[in-house]
Amino acid sequence: MILRRFIVPETGCASYLFGCTSKGAAGVVDPHAGLVEEYIEAAASAGTRITEVFDTHVHADHRSGASELALRTGARLRLPEGAPVEFDFVPLRDAEDVVLGNTRVRVISTPGHTWAHACLLVTDTTRGEDPWFVFTGDTLLVGTVGRPDLHGQEGELAAALERSIRERLLTLPDWIEVHPGHVGGSACGAGISSNPSSTIGFERRHNRLLNGDEGGFINRLSAELSPPPSEFASIYDENRRGTREHSRTS
Ligand SMILES: [Fe+2]
């Protein structure tokens with residue numbers, strides 16, 4: 001199995017190349033528009049091919065490279081079911097499995113940061129049937145959580161985020177590694193650790209926002225968030241349209 005993390009320090013974005021090298025099938029999670037060439041080169045040097053491209057949600061903080069990477073590689077472009085975009089994609093449905101050779105990806109629907117958001121639970125079937133790690137996008141971050149206030153309906157989204165994290169993610173086994181969509185330096189959460197990964201067990205015990213009384217989650221969250229950067233709205237619109245080639249309206 002391959003797992004490689006790509007960090008863009010300016011925006012605190014994390015993306016990942018992962019999958020099966022023995023059967024030559026890899027995926028990229030939350031690709032950044034500025035790194036498309038690097039994912040392709042990294043896959044080639046690992047002796048594998050990118051067959052699946054995943055966006056965990058429609059991003060507002062950086063330009064997604066998902067459409068372009070899927071076009072360049074011929075990979076399937078996957079976004080959560082219901083993602084409000086203007087191009088075609090293969091929907092990620094809750095509890096569905098996506099197979100990359102010996103690597104299996106279980107979709108976990110996790111609304112909250114946005115209504116359409118998916119986390120990806122990954123198993124290396126050559127090691128065993130237990131899952132090994134989870135890509136959490138902008139739900140569970142290291143030490144904190146993703147912001148639910150970018151698209152209106154802040155109260156409903158925050159409540160959904162808490163449910164998704166407590167009921168869908170923190171119920172996973174302790175040993176599961178957490179690989180989020182953002183690291184320290186991002187405006188997508190308050191006080192994100194600069195350690196780029198964690199585990200479910202550690203976050204269950206020590207995540208600042210999830211500890212304390214359950215009813216206080218939303219208050220703690222809104223007290224910590226500063227207003228989102230002004231460019232988020234236009235970046236989000238651009239990502240909803242995708243590349244020219246993928247757009248139904250171009
Ligand atoms: Fe996001």
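The values are calculated or read from the model by the stated rules, or taken from the named source; none is laboratory data. Computed from a predicted model, the values in this text were never measured in an experiment. Note: ideal-geometry Cβ built from the backbone for every residue, glycine included; neighbour counts use all protein chains shown. Side chains included, ligands, DNA and RNA excluded: accessible areas come from the protein's heavy atoms. Shrake-Rupley method; radii C 1.70, N 1.55, O 1.52, S 1.80 Å.
Note on region 22-42: among residues that are touching a residue at least 40 places away in the same chain (Cβ under 8 Å) and not charged (D, E, K, R), the one that is surrounded by the fewest Cβ atoms within 10 Å (Cβ to Cβ) is S22. Checked against (1) outside any helix (DSSP H, G or I); (2) open to solvent by less than 60 Å² (accessible area, probe 1.4 Å); (3) modelled with pLDDT under 95, R208 meets all criteria but (2).
Taking the options L3, L35, L77, L69, name whichever one is away from the ligand (no atom under 15 Å from the Cβ), assigned to a strand (DSSP E or B) and either within 30 Å of D149 (Cβ to Cβ) or among the acidic types (D, E) (or both). Explain how you work it out, then say what you get.
Values: L3 fails: either within 30 Å of D149 (Cβ to Cβ) or among the acidic types (D, E) (or both); L35 fails: assigned to a strand (DSSP E or B); L69 fails: assigned to a strand (DSSP E or B).
Residue meeting the stated conditions: L77.
Name the residue that is surrounded by the fewest Cβ atoms within 10 Å (Cβ to Cβ), counting only residues in region 57-73 that are among the charged types (D, E, K, R) and under 14 Å from V28 (Cβ atoms). Give the derivation first.
First, pick out the residues of region 57-73 that are among the charged types (D, E, K, R): 61, 63, 68, 72.
Those left that are additionally under 14 Å from V28 (Cβ atoms): 68, 72.
Details: E68: 19, R72: 15.
So the residue we want is R72.
For region 145-168, the set of residues classified as within 16 Å of the ligand (Cβ to nearest atom) and either surrounded by fewer than 24 Cβ atoms within 10 Å (Cβ to Cβ) or part of a helix (DSSP H, G or I) (or both) consists of D149, L150, H151, G152, Q153, E154, L157, A158, A160, L161, S164, I165, listed by residue number. When A83 is tested against (1) more than 16 Å from the ligand (Cβ to nearest atom); (2) out of contact with any Leu (no Cβ under 8 Å at 6 or more places or on another chain), only condition (1) is not met. In region 232-247, is there at least one residue being open to solvent by less than 40 Å² (accessible area, probe 1.4 Å), acidic (D, E) and modelled with pLDDT of 90 or more? Checked region 232-247: no residue is open to solvent by less than 40 Å² (accessible area, probe 1.4 Å), acidic (D, E) and modelled with pLDDT of 90 or more.
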